[in-house]
Amino acid sequence: MTDPATQAPQLSPSDLANNERAIAYYNEHGCDTVDKAFVLANILHTDRCVAEAARVYHIGYELHSKSPHQQPGAHILLHVSLLCQLKAGHEPSQEDMDAMKALSLPLYNYILGIQTAWTAGDLVKAARIMGNCYDEFHTGEECDRLYLEVMSRHYNEPMRNGVADARVAGSLIPRKVYLYWDKETPEEVEQNFEYHRSLPGLEIKTFNQEEAAQWLYEVYGVEARNLFLSMRHPAEAADFLRAHVIQELGGWWLDADIRIRSEEVFFNRLSQHHSHVFLLTHDHVVHNDFFGSVANSPIIGDVLLSLYRNCYLFPGLYIPYKTGPGVFERALNRTFHADFTRVRPIPSMMIYDHTVFADIIEELQVDYKHQGKSWHAVSN
């Protein structure tokens, strides 16, 4: 429970960055409990009002009883307040850093590592400090993306031309492309399938829900089929399928609502001599809508590890975290961490930055996105 002696300060519109959503929430609910402060701070954080979010998260931390049973935990409120301070270009106080260290050493290491990377620019030291702090979070949360940003910058030079350029038979990605649509394929999606079938040099395989469920049953067994059929949305089912297909068969996954611009761009813009190819967005989200890998990949194997863990332990998790880009971000982070700590070298891999995706992929405007069928509408 909140200490009644602890009073939340009165907040003015300027304290809330004059953010209309935040002001409306504050006027209706106030900011006198941990839960209200957390929601208000999340609004500000989402809308990139990071300095103001840092203060409101800290108000929630100050209101917190510090009991381990009160949710969200004091360590969550304090670490995100510190992170927002860093985003705003402010230096966290030593008092808050000491409190963070006492509450949670992994989260302290996360914040100290980000501070070291952003303020001091020492990426090696930052990676050493952070360790595997991402494992304290759900896959795909901000820690995964910021950790991947640090590691991508640290490995920038060796990754510029890819790692372990292997030209050994069986170590290169097959020129096969896999796509999925669950039921009653719309004309625009079928046209996209036909377009890709017309590209010389690429073998195209499409799955529908029935075919995918049967394939999963035959290759991975009844649990895989049942989990696939229990997914809350076709996009979540496609997420589940893609990792299994690529791990078993090797090749390229392509979502049904995007298009490779041409055969020429596929062969000339993408590496054809690495075992893994991934593309990032501008904020280090991994594109799981288009990627390539050999079969029996250690990276995709780690994707499957997180995928099953999430399906069994957190079935209601936000789709991008549970089955989407988040499981790929976690797998890449573990891959970089294993190399950094000299446990296992990075396999043959090429990672492209956000500028490359648009050169290769055209995003189609399909009707279903405008008919309330988007995965964004899925709730727990």
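The values are calculated or read from the model by the stated rules, or taken from the named source; none is laboratory data. Just so it is clear, the model here is predicted, and its values are computed rather than measured. No Cβ is skipped: glycine too gets one built from the backbone with ideal geometry, and neighbour counts run over all protein chains shown.
On inspection, Pro345 passes the criterion of being in a loop (DSSP other than H, G, I, E, B), touching a residue at least 60 places away in the same chain (Cβ under 8 Å) and not basic (Lys, Arg). With respect to the conditions (1) in contact with a strand residue (DSSP E or B) (Cβ under 9 Å, 6 or more places away or on another chain); (2) over 26 Å from Gln191 (Cβ atoms), Gln272 lacks only one, and its number is (1).
Conditions (1) buried (at least 20 other Cβ atoms within 10 Å of the Cβ); (2) assigned by TED's automatic domain parsing to the domain that holds Lys66; (3) at pLDDT below 95, marked per residue:
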site	(1), (2), (3)
Asp98	no, yes, no
Arg128	no, no, no
Phe137	no, no, no
Arg153	no, no, yes
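Taking the criterion of being surrounded by fewer than 16 Cβ atoms within 10 Å (Cβ to Cβ) and in contact with an Asp or Glu (Cβ under 9 Å, 6 or more places away or on another chain), the only residue of region 216-253 that qualifies is Val219.
Checked against (1) assigned to a helix (DSSP H, G or I); (2) in contact with a Ser or Thr (Cβ under 9 Å, 6 or more places away or on another chain); (3) under 22 Å from Ser14 (Cβ atoms); (4) among the acidic types (Asp, Glu), Glu28 passes all but a single condition, namely (2). In the set (1) within 25 Å of Gly131 (Cα to Cα); (2) touching a residue at least 40 places away in the same chain (Cβ under 8 Å), Val56 fails one condition alone, (1). Taken together, the residues in region 189-219 that are within 16 Å of Leu254 (Cα to Cα) and of a type in the set (Phe, Trp, Tyr) amount to 3.
Residues in region 81-99 that are farther than 19 Å from Ala127 by Cα and either assigned to a helix (DSSP H, G or I) or touching a residue at least 24 places away in the same chain (Cβ under 8 Å) (or both): Ser81, Cys84, Gln85, Ala88, His90, Glu91, Gln94, Glu95, Asp96, Asp98, Ala99. Would it be correct to say that Tyr61 is free of Cβ contacts under 8 Å to residues at least 40 places away in the same chain, in contact with a Ser or Thr (Cβ under 9 Å, 6 or more places away or on another chain) and surrounded by 16 or more Cβ atoms within 10 Å (Cβ to Cβ)? It is true that Tyr61 is free of Cβ contacts under 8 Å to residues at least 40 places away in the same chain, in contact with a Ser or Thr (Cβ under 9 Å, 6 or more places away or on another chain) and surrounded by 16 or more Cβ atoms within 10 Å (Cβ to Cβ).
Scanning region 290-303 for residues that are out of contact with any His (no Cβ under 7 Å at 6 or more places or on another chain) and either under 11 Å from Ala243 (Cβ atoms) or assigned to a helix (DSSP H, G or I) (or both) gives Phe291, Pro298, Ile300, Gly301, Asp302, Val303. Go through the residues of region 106-124 one by one and say whether even a single one is in contact with a Leu (Cβ under 8 Å, 6 or more places away or on another chain) and not in a helix (DSSP H, G or I). Scanning region 106-124 turns up no residue that is in contact with a Leu (Cβ under 8 Å, 6 or more places away or on another chain) and not in a helix (DSSP H, G or I).
Based on what the data block shows, is Thr335 within 21 Å of the chain's Cα centre (by Cα), over 22 Å from Ala235 (Cβ atoms), buried (at least 20 other Cβ atoms within 10 Å of the Cβ) and of a type in the set (S, T, N, Q)?
Yes; evaluated as a whole, the condition is true for this residue.
Which number in (1) surrounded by fewer than 22 Cβ atoms within 10 Å (Cβ to Cβ); (2) within 17 Å of Gly251 (Cα to Cα); (3) of a type outside the set (S, T, N, Q) marks the one condition that Gly292 misses? Checking Gly292 against (1) surrounded by fewer than 22 Cβ atoms within 10 Å (Cβ to Cβ); (2) within 17 Å of Gly251 (Cα to Cα); (3) of a type outside the set (S, T, N, Q), the one that fails is (1). Across region 100-126, the number of residues qualifying as hydrophobic (A, V, I, L, M, F, W, C), surrounded by fewer than 14 Cβ atoms within 10 Å (Cβ to Cβ) and touching a residue at least 24 places away in the same chain (Cβ under 8 Å) comes to 1.
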